[in-house]
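The values are calculated or read from the model by the stated rules, or taken from the named source; none is laboratory data. Worth saying up front: this structure is predicted, and the values here are computed from it rather than measured. Here Cβ is always computed from backbone atoms with ideal geometry, including for glycine, and neighbour counts include all displayed protein chains. We work out accessible area using only protein heavy atoms, side chains counted, and drop any ligands, DNA or RNA first. Shrake-Rupley method; radii C 1.70, N 1.55, O 1.52, S 1.80 Å.
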Amino acid sequence: MSTIAAYYNNKSILITGATGFLGKVLMEKLFRSSPDLKVIYILVRPKSGQTLQQRVFHILNCELFKEVREICPNVQEKIRAIYADLSQDDFAISKEDMEELLSCTNIIFHCAATVRFDEPLRSAVQLNVVATQKLLLMAGQMPKLEAFIHLSTAFSNCYRKHIDEVIYPCPVEPKKIIHSMEWLDDAIIDEITPKLIGDRPNTYTYSKALGEMVVQQEGEKLNIAIVRPSIVGPTWQEPFPGWIDTMNGISKIIIAAGKGLLQLQAVEPTNVVDLIPADTVINLTLAVGWYTAVHRPKTMLIYHSTSGHINPFYCKEMGLQLTATLEKIPLEKPFRRPYTIGTTSTISKQYWNTVSHHAYAIIYDFYLILTGRKPRMTKLLNRILKTISKLEYFSSQSWEWTTYNTEMLMSQLSPEDQRVFNFDVRHLNWSQYMENYVLGIKKYLLKEDMAGIPEVKQHLRRLRNIYYFFNTTLFLIACRLLIARSQMARNVWFFIVSFCYKFLSYFRASRMLKA
Ligand SMILES: CCCCCCCCCCCCCCCCCCCCCCCCCC(=O)SCCNC(=O)CCNC(=O)[C@H](O)C(C)(C)COP(=O)(O)OP(=O)(O)OC[C@H]1O[C@@H](n2cnc3c(N)ncnc32)[C@H](O)[C@@H]1OP(=O)(O)O
Ligand SMILES: NC(=O)C1=CN([C@@H]2O[C@H](COP(=O)(O)OP(=O)(O)OC[C@H]3O[C@@H](n4cnc5c(N)ncnc54)[C@H](OP(=O)(O)O)[C@@H]3O)[C@@H](O)[C@H]2O)C=CC1
């Protein structure tokens, strides 16, 4: 049996953010590989009118847990959902629950975070820094704790182009930031936010960097490690390819491209997109948990979970794969045929935005008005372009991450562990992965019917014909206008027409001779 899987058996594991994308993949893998684990405590808040139990039921009944439901029929009994809101003091955990957590927990995986780029600094600090600090404080009171694993992001220091597996300190100490959030009002915080975040693009990356500093400073006495994934995509292999249930990362870009709404991407075609599958991140996280607990490294180690250095996926390649896949597995109700253009030049972007986005939206809205419907395309397009503009910082640049600790860990694993907890992306086939990505978005995220694909393909063919017809008409109108205004254009036009006429006459005469 795998040493890592055996390690988690009979353990009490605390997970924050278990209802999130990575949290679910983490729980699934734990149950699948170590069905004899004692209990998984998850800190959950009620949401969207659902109680904790309803949320757990919903998670366990999703497609991701299909295999787990067979391997481990008593899975529901092994999950202890504890009411907690990480943005409140003491997390609003009851006294009894807190006692149980403190006395029983063996390993903590801290995944909870706010991942929105536009989160106000106060809320980002509250969850990504203060909550981490409080969790570390709790961890310090757990006598049976063997390891604390903190999930951060490879982009916490994205103002650097080359990033090592170390903590880069922020100019202002986290404690000072936390303290200032207590007495400054929202208007002042908003005003000083750009100065505080400095070269970072948003409050997310800044608060995650502060969170790492807190882990380093306040986790000194703990057995602790940080995992930094890059852009997390759907599962690669486990429990099956293509599982995804989040719009985060690049899924929104893929959906907008698939629906034909977005053609232009603010990307340099030669840049690398550092995508990493969710199951790869989780396999590494579990291996890190085992290594930290069993080998107890003397200093806190940071592990990068990235792909660009060993198996680069270039934007151009991605654009081509995406277009081909979206033809093969189209998304429902496309507005246009999917197509991608990549550029970072401002003039080129403005040109393509006008020609390829706004002009189409205006024409479509005009058509909606003519057919007695409410225009909506321009509004939708503007929303999408606004959203996409917030991702542009990440799509228009490339980074280089070193992975010495991740490679060291891989070399410490037995062949069986390397197989069961595979986090080596050297053999990842990007073309196949993109196909499963689109399939996963269609099936699990958008919940579209796969049986409808032939009908959508037929619709795409109609759209292609409309596109050709529209372009030809536009070309003819342009020629006609030019002919009306310029003698030279008229001469060229008559030359082309008489040439075509002569060619046709010759063709007809030769056919008649043959007959
Ligand atoms: C010939 C070939 C040539 C080829 C050339 C090459 C071509 C190549 C092409 C290939 C592709 C290019 C590759 C690029 C690579 C890199 C990209 C990196 C991005 C990610 C980096 C992540 C790095 C960090 C990773 C981390 O560390 S982890 C955390 C990651 N965290 C996130 O990823 C959260 C981000 N997001 C937000 O923070 C919020 O999204 C926010 C952005 C603030 C907006 O926010 P807001 O404007 O409010 O917009 P929403 O709330 O999102 O939406 C508002 C409303 O519009 C709706 N709508 C939004 N979209 C869509 C949509 N598509 N379709 C329909 N509706 C939509 C939505 O339904 C909602 O409607 P409603 O529900 O209101 O009715
Ligand atoms: N996805 C990605 O591309 C990447 C993610 N990461 C990191 O991985 C971790 C997990 O990310 P991911 O799963 O994608 O994120 P999600 O947004 O999918 O999940 C976030 C989780 O945090 C929980 N949470 C948020 N606020 C609170 C709160 N106040 N109290 C209790 N729980 C709360 C959410 O609970 P609820 O369901 O109730 O909202 C949810 O379970 C994060 O630390 C993120 O920074 C790093 C790099 C890339």
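List of remarks:
- For ASP36, the accessible area of its heavy atoms, probed at 1.4 Å with every protein chain present, is near 100 square angstrom.
- Label-zone membership for the stretch 457-478, site GLU332, 7 angstrom Cα→C-beta point, backbone N under 15 Å: 457, 459
- Mean separation of Cα contacts under 8 Å (6+ apart) over length of the chain, as relative contact order %: 16 percent
- Each Lys and Arg contributes +1 and each Asp and Glu -1, all at the Cβ; summed about the Cα centre of the stretch 456-513, the dipole is approximately 220 debye.
- Solvent-accessible area of TRP352, all protein chains in place: 80 Å² (probe radius 1.4 Å, heavy atoms, ligands and nucleic acids excluded).
- Projecting the Cα positions of ALA478, TRP493, ASN429 onto the charge dipole of the stretch 424-515 (unit charges on Cβ atoms of Lys, Arg, Asp and Glu, taken about the Cα centre) puts TRP493 furthest along the positive direction.
- Per residue, the convex hull spanned by the Cα atoms of the stretch 35-120 measures out at 134 cubic angstrom.
- Proximity of backbone amide H atoms, modeled 1.01 Å from N, is registered between TYR41 and ILE13, LEU14, ILE15, ARG80 at under 5 Å, excluding neighbours fewer than 5 places apart on the same chain.
- Note on ASP185 and LEU504: the extension gain reaches 106.9 nm, defined as 0.36 nm multiplied by sequence separation minus the Cα-Cα distance.
- When you count the other C-beta atoms within 10 angstrom of each residue and take the mean per peptide, 75-85, 301-311, 493-503 line up highest first as 301-311, 75-85, 493-503.
- Just so you know, the Rg over Rh for the stretch 275-391 is 1.17, from Cα atoms, with Rh as the Kirkwood radius.
- The stretch 456-513: translational diffusion in µm²/s, Stokes-Einstein, Kirkwood Rh over Cα pairs, 4 °C, 1.567 mPa s: 92 µm²/s
- Protein accessible area in the stretch 456-513, 1.4 Å probe - carbon and sulfur %: 72 percent
- Dipole orientation for the stretch 314-409: of the candidates PRO338, THR371, TYR393, THR371 has the Cα lying most toward the positive pole (charges on Cβ; Lys, Arg +1; Asp, Glu -1).
- Per residue, the solvent-accessible area of the chain (1.4 Å probe, heavy atoms of protein chains only, all protein chains present) comes to 50 Å².
- The fraction of all Cα pairs in the stretch 135-207 landing in successive 5 Å bins from 0 to the largest distance is 3, 12, 19, 20, 16, 15, 10, 4, 1, given as whole percents.
- Partners of LYS298 within straight-line reach, counting lysines whose Cα lies under 17 Å from its Cα and excluding those fewer than 8 residues away in the same chain: LYS221.
- You can think of it this way: the chain between ASN471 and ALA484 has 2.7 nm of extra reach, that is 0.36 nm per residue less the Cα-Cα gap.
- Between the stretch 443-515 and the stretch 227-247, the alpha-carbon center distance in angstrom: 43 Å
- Once the Cα gyration tensor of the stretch 401-453 is diagonalised, semi-axes √(5λ) in Å: 34, 12, 10
- Counting only Cβ charges, +1 for Lys and Arg and -1 for Asp and Glu, the dipole size of the stretch 8-141 around its Cα centre is about 220 debye.
- Listed residue (ASN61, SER94, ILE178) projecting farthest to the positive dipole end of the stretch 32-186, Cβ model: ASN61
- Each of TYR168 and SER356 was given a label point 7 Å from its Cα along the Cα-to-Cβ line. The distance between the two points is 3.1 nm.
- Calculated over the stretch 279-333: convex hull of Cα atoms, volume per residue (Å³): 133 Å³
- Taken over the C-alpha atoms, the stretch 1-76 has Rg and Dmax values of 12.4, 42 angstrom.
- Amide hydrogen proximity for PHE335: with H placed 1.01 Å from N in the peptide plane, the residues at 5 or more positions away or on another chain lying under 5 Å are GLY260, LEU261.
- Between 0 and 90 degrees, the angle of helix 377-389 with respect to the longest Cα principal axis of the chain falls at about 50 degrees.
- Working from the Cα coordinates of the stretch 176-224, the gyration tensor eigenvalues give, after taking √(5λ), semi-axes of 24, 14, 6 Å in decreasing order.
- Phi-derived couplings, Karplus 6.51 cos²θ - 1.76 cosθ + 1.60 at θ = phi - 60°, listed residue by residue for the stretch 203-220: 6, 5, 5, 5, 5, 5, 5, 5, x, 5, 4, 4, 4, 5, 6, 9, x, 3 Hz, with x used for Gly and Pro.
- Fully extended contour minus Cα-Cα distance, from ARG45 to SER414, at 0.36 nm per residue: 129.0 nm
- Each Lys or Arg adds one and each Asp or Glu takes one away; over the other residues whose Cβ falls under 15 Å from the Cβ of PHE366, this sums to +3.
- In degrees, nearest ten, helix 131-140 long axis to first principal axis of the chain (Cα): 30 degrees
- D_trans [Stokes-Einstein, Kirkwood Rh over alpha-carbon pairs] for the stretch 103-231, 10 °C, 1.306 mPa s, µm² s⁻¹: 105 µm²/s
- Here the chain is assigned +1 on the Cβ of each Lys and Arg and -1 on the Cβ of each Asp and Glu. Its dipole about the Cα centre then comes out at about 3280 debye.
- Every helix of 4 or more DSSP H residues in the chain counts as -39500 (n - 2.57), and over all residues that averages to -15500 deg cm²/dmol at 222 nm.
- Cα point-scatterer Debye curve for the stretch 223-315, base-10 log of I(q)/I(0) at q = 0.13, 0.19, 0.22, 0.24 Å⁻¹: -0.56, -0.98, -1.16, -1.25
- Its convex hull of Cα atoms gives the stretch 319-453 a direction-averaged projected area, equal to a quarter of the hull surface, of 11.9 nm².
- With both labels modelled 7 Å from their Cα along Cα-to-Cβ, the LEU368 to LYS144 distance reads 5.8 nm.
- Note on ARG80 and SER345: with the Förster distance fixed at 51 Å, the Cβ-Cβ geometry gives a FRET efficiency of about 0.40.
- ASP449 - accessible surface, heavy atoms, 1.4 Å probe, Å² rounded to 10: 90 Å²
- Using the Cβ of LEU439 as centre and a radius below 11 Å, the other residues enclosed give a net charge of +1, where K and R count +1 and D and E count -1.
- Computed over Cα pairs, the Kirkwood radius of the chain leads via Stokes-Einstein (1.306 mPa s, 10 °C) to a diffusion coefficient of 62 µm² per second.
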